[in-house]
Amino acid sequence: MVEVSADELVARARRLLAMPGRAVLGITGAPGAGKSTLTAALLDGLGPDAAHLPMDGFHLADVQLDRLGLRDRKGAPETFDVDGYVSALARLHSAPDTVLYVPGFERDLEQPVAAAIAIAPAARLVVTEGNYLLLTSGGWERVRPHLAEVWFVEVDDDLRRSRLVSRHEEFGKAPDAAREWVERSDEANARLVAATREAADLVVRLD
């Protein structure tokens with residue numbers, strides 16, 4: 001594990017701006033590890049040179065999950081539009097002079113929102129964060145070639161699980177249902193993500 005400060009992380013990300021064309025930095029880690037927190041700090045430190053492409057926007061909508069019988073696995077790798085995500089990543093490189101509209105994810109609705117985010121040509125570094133950037137199957141293996149670096153975020157597991165329970169409660173689940181979802185679904189996904197840790201370019205510990 002490499003210990004680095006917040007300023008050092010911003011500086012490392014800024015060095016990617018020296019790459020020709022547009023660079024994409026991946027932030028991955030288990031559910032609740034702090035990916036969004038780190039991403040927000042990077043975007044704040046990098047300013048207008050950077051933009052955000054969240055993997056969460058490529059969640060399948062509940063109507064599709066119901067059709068596929070996957071509603072109780074929401075958040076698992078197979079419940080995302082991986083083809084759409086890979087296509088968006090590819091377009092960051094192939095069409096850097098056009099505005100790229102990508103979906104966001106509305107936590108209050110627990111649903112993706114089409115074209116909620118616009119990535120302008122001025123953004124020469126795009127930060128994309130999500131659980132499955134380093135998976136090697138299910139179509140996710142097509143993600144890594146589009147990324148200049150991938151950083152793996154980790155935190156104490158008890159804190160991470162506590163955050164997840166609180167998040168699920170905040171967005172409408174009863175306490176017992178929130179704990180059950182974390183132990184059954186989120187932790188199954190966390191184990192998948194943990195197995196990809198060694199493939200990361202940098203491990204960032206958030207406490």
The answer for the net charge of residues other than P103 whose Cβ lies under 12 angstrom from its Cβ, with Lys and Arg +1 and Asp and Glu -1, is -3
Over region 65-207, what number does the Rg to Rh ratio reach, with both radii from the alpha-carbon atoms and Rh per Kirkwood?
-> 0.97
For a paramagnetic label modelled at 7 Å from the Cα of R144 toward its Cβ, which residues of region 7-45 fall within the zone defined by backbone nitrogen distances under 18 Å?
-> 24-30
Given R₀ = 22 Å, FRET efficiency for D207-E170 by Cβ-Cβ distance, to 0.05?
-> 0.50
Label zone at E198 (point 7 Å along Cα-to-Cβ), backbone N below 20 Å, region 3-28 = 3, 28
Contour minus end-to-end for R15 and A61, with contour as 0.36 nm per residue of separation and end-to-end as the Cα-Cα distance?
-> 12.9 nm
Farthest positive-ward along the chain dipole, Cα basis, beta-carbon charges - from A174, A148, A188 = A148
Using the C-alpha atoms of region 16-145, what convex hull volume per residue, in cubic angstrom, is computed?
-> 110 Å³
For a footprinting-style exposure proxy, rank T28, T79, T37 by other Cβ within 10 Å, fewest first.
-> T37, T79, T28
If you average the sequence gap of Cα pairs under 8 Å that are 6 or more apart and divide by the length of the chain, what percent do you get for the contact order?
-> 34 percent
With only Lys, Arg, Asp and Glu charged, each at its Cβ (+1 for the first two, -1 for the last two), find how big the charge dipole of the chain is about the Cα centre; round to the nearest 20 debye.
-> 500 debye
Would you work out which of A13, G57, L159 lies farthest towards the positive end of the dipole of region 6-205? Charges go on Cβ: Lys and Arg +1, Asp and Glu -1.
-> A13
Which of S137, S162 has the fewest Cβ neighbours within 10 Å, and the rest in rising order = S137, S162
When the scattering of region 26-84 is computed by the Debye formula from its Cα atoms alone, each counted once and equally, what is log10 I(q)/I(0) at q = 0.14, 0.15, 0.20, 0.29 Å⁻¹?
-> -0.50, -0.56, -0.82, -1.17
R0 of 22 Å, Cβ-Cβ distance L70-S137: FRET efficiency to nearest 0.05 | 0.80
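Every number in this text was worked out from the coordinates using simple rules, so none of it is lab data. Because the structure is a prediction, the values reported are computed rather than measured. Note that we place each Cβ from the backbone using ideal geometry, even for glycine, and neighbour counts take in every protein chain shown.
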